[in-house]
1. Which ³J(HN,Hα) values in Hz, rounded to whole numbers, follow from the phi angles of region 26-36 under the Karplus curve 6.51 cos²θ - 1.76 cosθ + 1.60, where θ = phi - 60° and Gly and Pro get x?
2. Highest mean first, how do 8-18, 28-38 rank when packing is the count of other Cβ atoms within 10 Å averaged over residues?
3. What is the set of long-range amide H partners of THR38 at a cut-off below 5 Å, with H atoms built 1.01 Å from backbone N?
4. Mean separation of Cα pairs under 8 Å and 6+ residues apart, divided by the residue count of region 9-56: what relative contact order is that in percent?
5. Farthest toward the dipole's positive end in the chain, which of ILE42, TRP23, PHE54, given Cβ charges of +1 (Lys, Arg) and -1 (Asp, Glu) about the Cα centre?
Amino acid sequence: MSDFVTGDVMRSRKKHPCGGNTWKIIRVGADIKFECETCGRIIDVPRREAAKRFLNI
Ligand SMILES: [Zn+2]
């Protein structure tokens, strides 16, 4: 199980449409809020799904 810590940078298994695949965690709760480091887009991902889609770098 991945550990989510605000401020950490994680890598997504699939690239974002902008071409980037590194994301900074900006909020941790029931959902994890990630900011794409390449384009700045912010997404909310349920914790369980985030554990499948994101890897610690
Ligand atoms: Zn992006």
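1. In residue order, the calculated couplings are 10, 7, 10, x, 4, 10, 9, 9, 10, 10, 5 Hz.
2. 28-38, 8-18
3. Placed amide hydrogens put THR22 under 5 Å from THR38.
4. Details: 87 pairs, mean separation 17.3, N = 48.
Worked out over region 9-56, it gives 36 percent.
5. Most positive-ward Cα: PHE54.
Any read-out appearing in this document is the output of simple, stated calculations on the displayed coordinates, not a laboratory observation. Since this is a predicted model, take the numbers as computed values, not measurements. Every residue, glycine as well, gets a Cβ built from its backbone with ideal geometry; the counts of neighbours run over all protein chains shown.
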